[in-house]
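Trainee: Please find one structure pasted underneath; my questions will follow.
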Amino acid sequence: MARRDVVVMPGDGIGQVVLPEALRVLEAAGFEANWIPADIGWELWKKEGNPLPQRTIDLIAEHKVALFGAITSKPKDAAARELAPELRDKGHVYYSPIVGLRQRFDLDVSIRPCITFPGNPLNFIRRGADGGVEEPRVNAVIFRQNTEGLYAGVEWTNPPDQVWQALNTHPRFANFRDVPREDLAVSTRIFSRAKCRRICEQAFAYAAKYGYSSVTICEKPNVIRETSGMMLDEGRRAQQRYPDIALWDTNIDAQMMWLTKNPEDYGIIVAGNMFGDIISDGFAGLVGGLGFAASANIGAEVGVFEPTHGSAPKYADLNPSIVNPIAMVLSAVMMLDWLGETGISGRVRDAVAAVVADGSVRCYDMLKVRGGSQAIADGAATTTQMTDAIIAKL
């Protein structure tokens, strides 16, 4: 096996804890790589006024694959206050570096598996028709459009003249014409047909490859007619090539109700950026929460792999660490799949499943105890102990 070059970006908070643990698992499983460290995150924003420096972009452009830990993001005013004094009032504007990476490298397809591990005490349960308890197996994979929609960053407070004039051409803007411009905030939701087509085609191809019987377009075309309507239209076009795979469409609000009613009915789900974020967190809650939520950001040439949890600063400085590394490990597994290292990825995935099923090693979230320094006394495994258990199962 050729040794790979992989850019590693621990980022902020617990990202600096869980990413090294995932690398330990990969190495124990036999994946040989040169780990190339790269800078990203909140500390860079405070010190340099840029959380995503060009040197990091250059490394990813060169090596094409990266593992990412977690990022801290704060509202505009809080971000400005934390800048180094010499950088304030210099025109620096904080923008999420992971969103920046997605757009810089056109990582337009985000894949977020939400799949039950048998034996996980955090798995969703419900009351059955006979009064007993049922634990449906959830096997949903969310395809989230990653670069457009509400997260594209095309927005204004106090919109400039040309934007104001353009908005005034729409008859439905009449209700806002009397609002003082300085009291008006506008965020756009922009979809392009090419990106809708690509994510729908990718979703159906994935469904065919892994044996899923349905693809669901989860949007809101009855209200957000133009953008959601375009996604649904492209879903119908993509489905023509896969007549054996059913196409369903649901509204995001109804889907959030149905995901706790019959989650086992759903396979591949496609949504725009904001709705994809919502629905993927909703399904993640059914399979253990963010401690089990992995994701891939995929473009034509570059892949960046990350857990969907945040930086959890309140846990970052605990020694020993108590956070669950499984989401980071599973994100690394997705990287292995993308690189074609399916033998190693399968072994790691099986090792994680075996640890969860065994149940003798559980982090605080799996024990349902309060997080904090007392969690270990309550019986929780440390982050390192969970990693050791996974390695032992290998």
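Trainee: Show the residues, 5+ positions off or on another chain, whose built amide H is closer than 5 Å to the amide H of V154.
Mentor: Excluding prolines and chain starts, which carry no amide H, the hits are T188.
Trainee: Also, quick follow-up: State the label only: which of (i) 45; (ii) 40; (iii) 36 corresponds to percent of Cα pairs over 30 Å apart computed from the shown model?
Mentor: Checked against the structure: label (i).
Trainee: How much FRET efficiency would the formula 1/(1 + (r/R0)^6) give for E27 and M274, where r is the Cβ-Cβ distance and R0 is 41 Å, rounded to 0.05?
Mentor: In this case the efficiency is close to 0.65.
Trainee: Nearest 20 debye, what's the magnitude of the dipole of region 69-134 about its Cα centre given +1 on Lys and Arg Cβ and -1 on Asp and Glu Cβ? If you can, show how the numbers build up before the last one.
Mentor: Values: 10 positive and 8 negative charges, 24 e Å.
The dipole of region 69-134 has a size of about 120 debye.
Trainee: Please list, ordered by chain and number, the residues whose modelled amide H lies under 5 Å from the amide H of I142; skip anything fewer than 5 residues away on the same chain.
Mentor: Counting only residues 5 or more places away or on other chains, the set is R112, C114, I269.
Trainee: In addition: Placing +1 at every Lys and Arg Cβ and -1 at every Asp and Glu Cβ, with all other atoms neutral, what dipole size does region 309-394 have around its Cα centre, in debye to the nearest 20? List each step's numbers first, then the result.
Mentor: Numbers: 7 positive and 8 negative charges, 37 e Å.
Its charge dipole is roughly 180 debye.
Trainee: Let me ask something additional. For region 209-257, what class follows from the C-alpha gyration tensor (a ≥ b ≥ c being the square roots of its eigenvalues): rounded when a/c is under 1.5, otherwise prolate if a/b is larger than b/c, else oblate? Intermediate results must be reported in sequence, preceding the final value.
Mentor: Numbers: a/c = 3.36, a/b = 1.49, b/c = 2.25.
Because a/c hits 1.5 or more and a/b fails to exceed b/c, region 209-257 counts as oblate.
Trainee: Rank G299, G289, L336 by how far each Cα sits towards the positive end of the charge dipole of region 284-364 (+1 on Lys, Arg Cβ; -1 on Asp, Glu Cβ) and give me just the farthest.
Mentor: Value: G289.
Trainee: Could you identify which residue out of N168, N262, N297 has the top mean-square fluctuation in a GNM of the chain using Cα springs shorter than 10 Å?
Mentor: Comparing N168, N262, N297 in a Gaussian network model of the chain, the most mobile one is N168.
Trainee: Pull out the extension gain between H63 and A246, defined as 0.36 nm times the separation in residues minus the alpha carbon to alpha carbon distance; nm, one decimal. Could you put the intermediate results ahead of the total?
Mentor: Numbers: separation 183, 0.36 × 183 = 65.88 nm, distance 3.78 nm.
So the extension gain works out to 62.1 nm.
Trainee: I've got another one for you. Would you look at the GNM of the chain, springs on alpha carbons closer than 10 Å, and say which of T250, T216, T169 moves the most?
Mentor: Looking only at T250, T216, T169, the largest GNM fluctuation is found for T169.
Trainee: Sequence gap at least 6, Cα distance under 8 Å: using those rules, report the relative contact order of the chain to the nearest whole percent.
Mentor: Details: 766 pairs, mean separation 84.4, N = 394.
The normalised contact order for the chain reaches 21 percent.
Trainee: Which residue, chosen from T216, T387, V17, occupies the Cα position most advanced towards the positive end of the dipole of the chain, where the dipole is computed from +1 (Lys, Arg) and -1 (Asp, Glu) charges on Cβ about the Cα centre?
Mentor: T216
Trainee: Just grab the label-to-label distance for E43 and R193, each label 7 Å out from Cα along the Cβ direction, in nm (one decimal).
Mentor: Reported label-point gap for E43 and R193 is 4.8 nm.
Trainee: Could you grab the relative contact order for region 34-86? Cα pairs under 8 Å, six or more apart, rounded to a whole percent.
Mentor: Computed value for region 34-86: 38 percent relative contact order.
Trainee: Among S187, S321, S280, determine the one that fluctuates most according to a GNM of the chain built with springs between C-alpha atoms less than 10 Å apart.
Mentor: For the chain, modelled as a Gaussian network with Cα springs under 10 Å, the answer is S187.
Trainee: Using the structure shown, list the pairs from K47/K74; K46/K314; K74/K195; K195/K261 with a Cα-Cα distance above 27 Å, or answer none. The partial results should precede the final answer.
Mentor: Values: K47/K74 16 Å; K46/K314 19 Å; K74/K195 29 Å; K195/K261 31 Å.
Listed pairs above 27 Å: K74/K195; K195/K261.
Trainee: Also, quick follow-up: Run lengths n ≥ 4 of DSSP H only: what is the helix-derived mean residue ellipticity at 222 nm for the chain, with -39500 (n - 2.57) per run over all residues, to the nearest 500? All intermediate terms of the calculation are to be shown ahead of the outcome.
Mentor: Numbers: 15 runs with 155 residues, N = 394.
Calculated at 222 nm, the ellipticity per residue is -11500 deg cm²/dmol.
Trainee: Roughly how far apart, in whole Å, are the Cα centres of region 334-394 and region 68-132?
Mentor: Taking the Cα centre of region 68-132 as reference, the centre of region 334-394 is 21 Å away.
Trainee: Sticking with this one: Using a Förster distance of 25 Å, how high is the FRET efficiency between T384 and I36, based on the Cβ-Cβ distance and rounded to 0.05?
Mentor: Details: r = 24 Å, r/R0 = 0.95.
For T384 and I36, the calculated efficiency is 0.60.
Trainee: Would you list the membrane-span-like helices of the chain, meaning whole DSSP H runs whose alpha-carbon atoms span at least 18 Å along their axis and whose mean Kyte-Doolittle value is at least 1.0? Let's see the in-between values first.
Mentor: Values: long enough: 15-28 (20 Å, 0.76); 193-210 (26 Å, -0.53); 225-239 (20 Å, -1.36); 326-339 (20 Å, 2.03); 342-358 (24 Å, 0.60).
Helix filter hits for the chain: 326-339.
Trainee: For the peptides 84-94, 9-19, what is the packing order when you average, over each peptide's residues, the other Cβ atoms within 10 Å and list the highest mean first?
Mentor: Final packing ranking: 9-19, 84-94.
Trainee: What number, in percent, do you get for the relative contact order of region 266-394 if the mean sequence gap of Cα pairs under 8 Å and at least 6 apart is divided by its residue count?
Mentor: On the way: 154 pairs, mean separation 28.4, N = 129.
Value for region 266-394: 22 percent.
Trainee: When N is the residue count of region 237-394, what does its C-alpha Rg come to as a fraction of 2.2 N^0.38 Å? Present the calculation step by step, with values, prior to reporting the outcome.
Mentor: Working: Rg = 17.8 Å, N = 158, 2.2 N^0.38 = 15.1 Å.
Compared with the compact-globule rule of thumb, region 237-394 sits at 1.18.
Trainee: Can you list the aspartates and glutamates whose alpha carbon is less than 13 Å from that of K393, not counting same-chain residues fewer than 8 positions off?
Mentor: D350, D358
Trainee: Using a simple charge model, +1 on the beta-carbon of Lys and Arg, -1 on the beta-carbon of Asp and Glu, nothing else, what dipole does the chain show about its Cα centre, in debye to the nearest 20? Could you put the intermediate results ahead of the total?
Mentor: Working: 41 positive and 47 negative charges, 80 e Å.
Its charge dipole is roughly 380 debye.
Readers should treat all values here as calculations from the given coordinates under stated rules, not as data from a laboratory. Predicted model, so just to flag it, every value in this text is computed and none were measured. Cβ coordinates were reconstructed from backbone atoms using ideal geometry, including for glycine residues, and neighbour counts include every protein chain displayed.
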